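The values are calculated or read from the model by the stated rules, or taken from the named source; none is laboratory data. Since we're looking at a predicted model, the values are computed, not measured. Cβ coordinates were reconstructed from backbone atoms using ideal geometry, including for glycine residues, and neighbour counts include every protein chain displayed. Side chains included, ligands, DNA and RNA excluded: accessible areas come from the protein's heavy atoms. Shrake-Rupley method; radii C 1.70, N 1.55, O 1.52, S 1.80 Å.
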2 protein chains.
Amino acid sequence: MTTPSRRNITIRDVARYAGVSTATVSRVLNGTSPVKDDLVARVEQAVTTLGYRPNAAARTLKTRKANAIGILVPDISNPYFMQIIKGIEDVMAQDYSLLMASSDESSKKEKRLLNVLSEDRIDCLVLATAGGNDEVIRAIDEKRNPVVLIDRLPDSLANRMDSVVEDNFWSAYELVHSLIRLGIQSLGIIHGPMSASTAFQRASGCMSAVRQHAPKLRVREHLGDYTAESGERAVDDFLQGESPDAIIAMNNLMAVGAISRLMKRGFVIGKDITLGSYGAIENYLLIDGSLRYVEQEPRTLGKLAGKLVQRRLRDPDAEVVSHVVKQQIVSLHR
Amino acid sequence: MTTPSRRNITIRDVARYAGVSTATVSRVLNGTSPVKDDLVARVEQAVTTLGYRPNAAARTLKTRKANAIGILVPDISNPYFMQIIKGIEDVMAQDYSLLMASSDESSKKEKRLLNVLSEDRIDCLVLATAGGNDEVIRAIDEKRNPVVLIDRLPDSLANRMDSVVEDNFWSAYELVHSLIRLGIQSLGIIHGPMSASTAFQRASGCMSAVRQHAPKLRVREHLGDYTAESGERAVDDFLQGESPDAIIAMNNLMAVGAISRLMKRGFVIGKDITLGSYGAIENYLLIDGSLRYVEQEPRTLGKLAGKLVQRRLRDPDAEVVSHVVKQQIVSLHR
DNA sequence: CTAGCAGAAGTAATCGTTTACAATACCAGG
DNA sequence: CCTGGTATTGTAAACGATTACTTCTGCTAG
């Protein structure tokens, strides 16, 4: 019905109803200092009968604690980030609300969201940056509230704030290396957008493995943007010429796009062509064919980030921590 | 670094720096009333050099507008709800922050989150309820801020607040009907948890179709909980006895579980057994085999919800709107 | 018997905005 | 040159909590 009855019940109403002062009500509610049992009872009574709920804005204004943490990721519909968020939730959600936003891999949108989030509505920001906002981010971390970087770590921010990232270089290196050991002669690599630090590091890892272990490997590269569509386009691109022995996609979504395109074109994955992916693919167990991928464990990563947040909130001056988590290379067969 | 320099820049600092009153600064910032050009310039100058950001809590306290909307769903990692959120974002995100939370299909957790969200931190709540909190929800809608129900619509809340739901009964009916027309003799149905209104309505639809079109159909039912694991258990359950001609799962995740289990057991979907699902399955195009499902279009649903939110915010006393969107039955073959 | 103190409750200032209201300046008409 | 209006700007009171500080008990120890 959404009826009026505007003007909410305030702590004053409760105080009046219980015949005590607002200070006492506040103390009962927060347990900040002892209150006689009978008064406690009267206050609690009043709270429930009036249906009082404290006003978060007022409390935040006064205490400078928002009891919320912000999470800003490039693509909230990507299961990878979703799992990270779940991980953070695992650790934080009892005491904090999570304010989430998605930049859609756009620096501009990210900037807008960063500005909104830094209007004192959160206590800490967990951020996987789309890139291009290093200055703003640094300013937020220094002036507003601590930032914990996840997944993406631009050089200019490294060691200036807490972070949890993967060993992208190493994992990509190992992934390519493992394909090389299979004896492939040609390889197609689908890169992510170079504005993302992960894409850049993974690309370096790939190239390094090639240089070191198979300098004569015929490599073709396609610059994607971490979306499934760009994975499809990459495959179309590669299949223009002689089809490569193997294709690797530098994130899960592009791998999905690639697989779907390959299957549509009649390839049997793991037989006609070898496929590698940085990151697991949801429901991949449903597919016939084999896949080699870097196992990312985003939920663990999220938990780590959550712990860093807690630590940082507890002690704002603790020294900066940078976690670099190592991944496994996994082979899946059916 | 997270250095101190605590005490943020306030509107007072800006006013002082620009040599005007706080009222003028506020007016420049919000464009609420005309200000002479030179003052505007000086204020803007001050804002940028000082790096001023308004304090959202103070503004919310004063204006009673949080510029945020809350979204509470039973499972934020389910792509279905994720797409709904995307849809809401499409419509709302320019002007509002989205505060999201997941109840994990638990009434208790939902209640806690409802309480937190209703502490005046949002202007409107979009809710897919896990069930069991009808009273609390009604109170929030009446006393705190408007609620728009999505996906789930408990009877006791129908017509009391805005809603966007699917025609669950009809869709489930049609899905079963379409299988019956294939000439199946036996059917396994994997239900969702009856605390969810959708599960109940879908179950009714299924049963009604059976009664009406194939009263002699051998039906077996399994009570799941909308998770993939429960889909797997259901298949195990069904395969204890004589395996049914067809199995349908009443949501996407349970269908994923069922498919995965069936494939593991060597069934070729669409050949050895017919599969139906309420809701599409991400990346299903990757699978060999055919599937018949109810196409849900969650993103559209989210957009509709977003529009209702906007309308409700514009006019709190507008009459209650209930959208019931119809679905298509889709057949997918490979 | 009273000073002193601890415990419990109340008073009122404060957080950073917005905005009703007051004040001021400027200008035209008489 | 004064009056009344309009256009800007300023002053200060809210919004609803928390909390430093004050006040008021009642009790104990000297």
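Place the label 7 angstrom along Cα→C-beta at B:K216 and in each other copy, then list the distances from the first to the rest in nm, shortest first.
7.2
Taking the solvent-accessible surface of protein heavy atoms with a 1.4 Å probe, what is the per residue accessible area of segment A:202-334 in Å²?
46 Å²
Taking every pair of Cα atoms in segment B:1-110, average 1/r, invert it to obtain the Kirkwood radius, and report Rg/Rh to two decimals.
Radius of gyration over Kirkwood radius for segment B:1-110 works out to 1.14.
Could you work out the per residue convex hull volume over the alpha carbons of the protein assembly as shown, in cubic angstrom?
Taking the convex hull of the Cα positions in the protein assembly as shown, it is 178 Å³ per residue.
At a probe of 1.4 Å, how much accessible area disappears from chains B and A on forming the pair, both sides counted, to the nearest 100 Å²?
Rounded to the nearest hundred, the buried surface is 5800 Å².
Give me a single rounded figure for B:90-100: the average over its residues of other chain Cβ atoms within 10 Å of their Cβ.
So the per-residue partner count for this stretch is 4.
Between beta-carbons, use under 9 Å as the cut-off and find the net charge around B:S197, counting Lys and Arg +1, Asp and Glu -1.
In short, -1.
Describe numerically, in nm with one decimal, the distance between label points set 7 Å from Cα along Cα→Cβ at B:S322 and at B:R265.
If labels sit at B:S322 and B:R265, their model points lie 3.9 nm apart.
Over segment A:168-295, what percent of the accessible surface lies on carbon and sulfur atoms, probe 1.4 Å?
49 percent
To the nearest 20 Debye, how big is the dipole of the protein assembly as shown about its Cα centre, given +1 on the beta carbon of each Lys and Arg and -1 on that of each Asp and Glu?
Its charge dipole is roughly 1600 debye.
Is segment B:274-334 rounded, prolate or oblate when judged by the Cα gyration tensor, a ≥ b ≥ c being the square roots of its eigenvalues, rounded requiring a/c under 1.5 and prolate requiring a/b larger than b/c?
Prolate shape, in that a/c is at least 1.5 and a/b is the bigger ratio.
Counting only residues 5 or more places away or on other chains, whose amide H sits under 5 Å from the amide H of B:G188 once H atoms are built in the peptide plane?
B:R220, B:A246, B:I247, B:I248
Report the calculated FRET efficiency for A:S178 and B:S331 (r = Cβ-Cβ distance, R0 = 35 Å), to the nearest 0.05.
Once the sixth-power term is evaluated, E becomes 0.35.
Pop out the Kirkwood hydrodynamic radius of chain A from its pairwise C-alpha distances, inverse of mean 1/r, in Å to one decimal.
That comes to 22.5 Å for chain A.
For A:D90, go 7 angstrom from Cα along the Cα-to-Cβ vector, then report the distances to that same point in the other copies in nm, smallest first.
3.3
If we count every other residue with Cβ under 13 angstrom of B:M207's Cβ, Lys/Arg +1 and Asp/Glu -1, where does the sum land?
Here the charged neighbours net out to +2.
Would you mind calculating the relative contact order of segment A:221-274 from Cα pairs under 8 angstrom and at least 6 residues apart, reporting the percent as a whole number?
40 percent
Let me know the mean shielding of B:8-14 by other chains, meaning the per-residue number of their Cβ atoms within 10 Å of its Cβ.
Per residue, the number of nearby Cβ atoms from other chains is 1 on average.
Quick check on my link table: of A:K86/A:K307; A:K62/A:K143; A:K86/B:K86; A:K36/B:K109; A:K271/A:K326, which ones sit more than 20 Å apart, alpha carbon to alpha carbon?
Beyond 20 Å: A:K36/B:K109; A:K271/A:K326.
In bins 10 Å wide, starting from 0, what share of all Cα pairs of segment B:141-217 does each bin hold, as a percent?
18, 41, 24, 12, 4, 1
List the relative contact order of segment A:85-239 as a percent without decimals, with contacts defined as Cα pairs under 8 Å and 6+ residues apart.
So the answer I get is 17 percent.
So what's the back-of-envelope 222 nm ellipticity for chain A, counting only DSSP H runs of four-plus at -39500 (n - 2.57) apiece and dividing by all residues, rounded to 500?
Result for chain A: -13500 deg cm²/dmol, rounded to the nearest 500.
Using θ = phi - 60° and the Karplus form 6.51 cos²θ - 1.76 cosθ + 1.60, what ³J(HN,Hα) does each residue of segment B:157-167 get, whole Hz, x for Gly and Pro?
9, 4, 6, 9, 8, 4, 8, 9, 9, 9, 7
Counting only C-alpha contacts under 8 Å and six or more residues apart, can you give the relative contact order of chain A as a whole percent?
16 percent
At a Cα cut-off below 18 Å, give the lysines reachable from A:K216, other chains included and same-chain residues fewer than 8 away excluded.
Hits, sequence-local ones excluded: zero.
If one computes the Cα centroid of segment A:190-237 and of segment B:114-174, what distance in Å separates the two points?
Using only Cα atoms, the two centres lie 46 Å from each other.
Calculate how many DSSP beta bridges within the protein assembly as shown are antiparallel, expressed in % of all such bridges and rounded to the nearest 5.
Approximately 15 percent, going by the DSSP bridge assignments.
Quick one: of the DSSP bridges fully inside chain B, what percent are antiparallel, nearest 5?
10 percent
Give me the dipole magnitude in Debye, nearest 20, for segment B:168-295 about the Cα centre, with unit charges on the beta carbon: positive for Lys and Arg, negative for Asp and Glu.
Dipole of segment B:168-295, to the nearest 20 debye: 360 debye.
Give me the one-decimal nm value for the distance between modelled label points at A:Q185 and B:Q240, 7 Å along each residue's Cα-to-Cβ direction.
If labels sit at A:Q185 and B:Q240, their model points lie 5.6 nm apart.
Please provide three numbers in whole Å: the alpha-carbon extents of segment B:11-54 along the principal axes, with the largest listed first.
Computed over segment B:11-54, the largest-to-smallest principal extents equal 23, 19, 15 Å.
Expressed in whole Å with the largest first, what are the equivalent ellipsoid semi-axes of segment B:168-295 derived from the C-alpha gyration tensor as the square root of 5 times each eigenvalue?
Three semi-axes, in Å: 19, 16, 14.
What does the convex hull of the Cα atoms of segment A:97-233 come to per residue, in Å³, rounded to a whole number?
So the per-residue hull volume is 118 Å³.
Put the label 7 Å from Cα along Cα→Cβ for A:R314; what are its distances to the other copies, in nanometres, shortest first?
Copy-to-copy label distances for A:R314: 5.0 nm.
From the backbone phi of segment B:135-145, what are the Karplus-calculated ³J(HN,Hα) couplings (6.51 cos²θ - 1.76 cosθ + 1.60, θ = phi - 60°) in whole Hz, Gly and Pro given as x?
4, 4, 5, 4, 4, 4, 4, 7, 9, 9, 8
Quick one: if you stick a label point 7 Å off each Cα along the C-beta vector at B:D272 and B:V136, how many nm between them?
Label-label distance for B:D272 and B:V136, simple model: 4.5 nm.
Suppose R0 equals 45 Å; then what is the FRET efficiency for B:A158 and A:R311 from their Cβ-Cβ distance, rounded to the nearest 0.05?
So the FRET efficiency works out to roughly 0.45.
What is the sum of charges, Lys and Arg at +1 and Asp and Glu at -1, for the other residues whose Cβ falls under 10 Å from the Cβ of A:I137?
That works out to -2.
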